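Report on the following structure.
The values are calculated or read from the model by the stated rules, or taken from the named source; none is laboratory data. From a predicted model like this one, the values you see are computed outputs, not experimental measurements. Ideal geometry is used to build each Cβ from the backbone, glycine not excepted, and the neighbour counts take in all protein chains shown. Note: accessible area is taken over every heavy atom of the protein model, side chains too, but ligands, DNA and RNA are not part of it. Shrake-Rupley method; radii C 1.70, N 1.55, O 1.52, S 1.80 Å.
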Amino acid sequence: MTPGAISPDQVTTLLQQRGAHALLDVRERAAFERGHIFRATPLPRRLLETRLPGLVTASGTLIVLYDDDGRISTLAAATLGDMGYTEVFVLTGGFEAWRAAGGPVVQGLNVPSKVFGEHVLHDRKTPEVTPLELSARMAQGQDMVIVDTRTPEEYHRGCLPGAWSMPGGELILRIGEVVERPDQTIVVHCGGRTRSYLGAESLRRMGLPNPIVAVKNGTMGWQLDGLELERGASRWPPAPSAASRARALDVATRLAAEDGTPLVSPDAVADRWSHRDRENVSMLDVRTREEYEAGHVPGSIWAPGGQAVQATDEYVAVRGGWLVLICDGFGRSIMTAGWLKRMGFPHVAVLEGGVPAWERSGRPLETGQPAPVPFGYEAAQRVVERVAPGPLGPSGPLGHDVVVSVDPSDVYQRGHLPGAVWIGRGRLELAIAQAAPDPARPVLLTCADGVQSTLAAATLRRMGYATARVLDGGVAAWRAAGLPVETGPGSMLGEADDVVQKPYERGRAAMEAYLRWEEALDAHGVSPHALLPERPAAPGGAR
């Protein structure tokens with residue numbers, strides 16, 4: 001399939017329309033962070049076969065792809081054609097042409113959600129407390145409950161002393177399990193700003209009598225003020241009581257009426273899902289990981305409520321599509337739906353009765369975390385030769401192969417075959433000649449488990465590398481055979497731009513710059529000049 005071409009002006013017009021479309025940035029995450037088109041979904045080319053079917057369910061959806069200059073997008077468009085998508089366009093000249101044409105550029109990750117968070121702060125006048133003020137109150141023994149609205153993993157790495165882990169989507173259901181009195185102050189924090197404000201406003205929407213405040217700048221502000229975080233905490237609230245569930249139901253009923261959020265039956269959801277090939281549908285399960293893995297609606301994606309709002313650009317690619325939110329009733333779903341509707345998503349609904357109602361309708365549940373088979377993987381397995389782990393060298397089964405790893409760069413650095421060269425799979429066709437200029441020379445592709453490397457080997461075979469092979473079972477099988485691996489940057493061809501460190505992982509200056517950037521986001525849109533500073537050199541020496 002030859003993709004269509006679309007100009008920067010035409011993309012501008014498209015983004016102003018309400019019709020179903022997807023704008024996909026197929027570069028790696030660090031490139032996206034440095035600058036992208038507002039409301040683009042970051043979807044690196046190497047993940048298309050795995051993630052795109054869940055993000056864009058209707059094959060006739062208008063899809064626009066872009067990268068820096070159009071080369072990777074053109075390669076990606078061919079993959080989309082093979083996957084059955086029929087309306088695929090490549091931004092002429094890529095992001096460089098967009099910038100040159102004066103198109104607005106934003107920097108950072110999850111910008112739509114963070115813009116929305118700043119808007120909520122200014123519009124609702126969310127009460128705030130600075131870290132130093134809060135520390136003084138804590139020292140005085142003031143009566144308060146502190147909740148951390150981030151993911152349990154983030155909480156465990158470092159939270160405010162004494163905080164409970166309560167991701168934002170759980171507040172409506174669980175806050176009653178840790179608050180003992182109506183005059184007890186509830187303090188809400190995250191790592192920076194967005195989830196603090198949205199969490200505090202979720203509690204305020206519940207109509208609680210308690211004083212509610214958000215911690216300005218979260219754990220980063222706490223550290224910048226010279227205060228110590230608690231590391232390794234594991235406080236999780238008790239299971240919701242009958243009283244907490246009843247209150248969540250009452251609040252959700254009121255919020256659904258206020259927000260105009262429709263409650264839809266299992267039959268209606270199943271019917272809409274059955275037509276997902278013609279109309280885009282995403283089912284987001286906003287419960288905890290444990291609840292989701294115990295049993296969820298088939299096809300639903302685990303998107304805990306707070307994260308669904310925090311990272312909408314990653315969970316939702318087709319803004320005009322249908323979003324169906326699911327929990328164990330409709331309390332958590334309704335709160336999340338209300339925020340998404342306020343962010344401008346036009347078609348948001350909630351599965352009435354949640355997972356229990358789906359089960360009562362006689363429909364099955366899935367368990368665990370889905371592990372979708374990437375598009376093209378089974379076909380690639382049929383044409384790619386697999387090589388068992390064995391000694392490297394002239395006498396070994398791997399012979400004189402050029403060994404290429406297509407793992408993420410951080411996985412490569414934690415352990416790869418001796419002498420393996422790293423190439424990001426999204427740029428494989430553009431970089432392979434540096435590692436293997438002679439297509440007649442055997443090339444062995446590796447990755448952690450053999451999946452991405454099998455797809456990569458099939459790609460090279462189509463390019464004329466007839467002896468491209470794959471290490472059966474990947475590096476995991478290599479290790480299991482007791483064979484040695486190398487660690488560190490090794491030989492990396494191209495920029496290691498697929499991994500972005502958190503600001504608190506980059507040091508004090510990065511945290512200060514990040515918080516200035518976030519606070520500078522226009523409360524009613526995006527300031528194209530709210531830019532992050534240039535990032536330091538990436539692992540392996542690339543910038």
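A few comments on the model shown:
- For segment 55-176, the spherically averaged projection of the C-alpha convex hull amounts to 12.6 nm².
- Extreme residue, positive dipole direction of the chain, given options Val187, Gln140, Pro161 (C-beta unit charges): Val187
- For Trp236, solvent-accessible area (1.4 Å; no DNA, RNA or ligand), Å²: 100
- Projected-area average for segment 144-197 over all orientations - Cα convex hull basis, square nanometres: 3.6
- Fully extended contour minus Cα-Cα distance, from Asp143 to Ala294, at 0.36 nm per residue: 50.7 nm
- Share of pairwise Cα-Cα distances greater than 13 Å in segment 165-224 is 58 percent (whole percent).
- Phi to ³J(HN,Hα) by Karplus 6.51 cos²θ - 1.76 cosθ + 1.60 over segment 320-337, Hz, x for Gly, Pro: x, x, 8, 10, 10, 9, 9, 9, 8, x, 8, x, 5, 5, 5, 4, 5, 4
- Scattering curve values for segment 125-250, log₁₀ I(q)/I(0), Debye with Cα scatterers, q = 0.14, 0.20 Å⁻¹: -0.53, -1.12
- Calculated FRET efficiency, Ala239 to Arg342, Cβ-Cβ distance, R0 = 30 Å: about 0.50 to the nearest 0.05.
- Reachable lysines from Lys502, criterion Cα separation under 28 angstrom, eight or more residues apart if same chain: Lys114, Lys125, Lys216
- Apportionment of accessible area to carbon and sulfur, the chain, percent (1.4 Å): 52
- Computed FRET value (nearest 0.05) for Gln10 with Asp183, which takes r as the C-beta separation and R₀ as 56 Å: 0.45
- Its residues counted as N, the chain yields a C-alpha radius of gyration over 2.2 N^0.38 Å of 1.02.
- Cβ-based net charge around Glu290, under 13 Å, with every Lys or Arg adding one and every Asp or Glu removing one: -3
- Here's the picture: charge each Lys and Arg Cβ at +1 and each Asp and Glu Cβ at -1 in the chain, and of Leu460, Val318, Val402 the one pushed furthest to the positive end of that dipole is Val318.
- Solvent-accessible area per residue for the chain (1.4 angstrom probe, square angstrom): 40
- Stokes-Einstein D for segment 307-452, Kirkwood Rh over Cα pairs, 4 °C, 1.567 mPa s (µm²/s): 66
- For the pair Ala379 and Arg363 in one chain, pulling the backbone fully straight at 0.36 nm per residue adds 2.6 nm over the alpha carbon distance.
- Estimated at the nearest 10 Å², the accessible area of Val499 is 50 Å² with a 1.4 Å probe.
- Gain on full stretching of the segment that runs from Arg441 to Ala371 - 0.36 nm per residue minus C-alpha separation: 21.8 nm
- In nm, spacing of pseudo-spin labels at Asp123 and Ala433 (7 Å Cα→C-beta vector): 5.2
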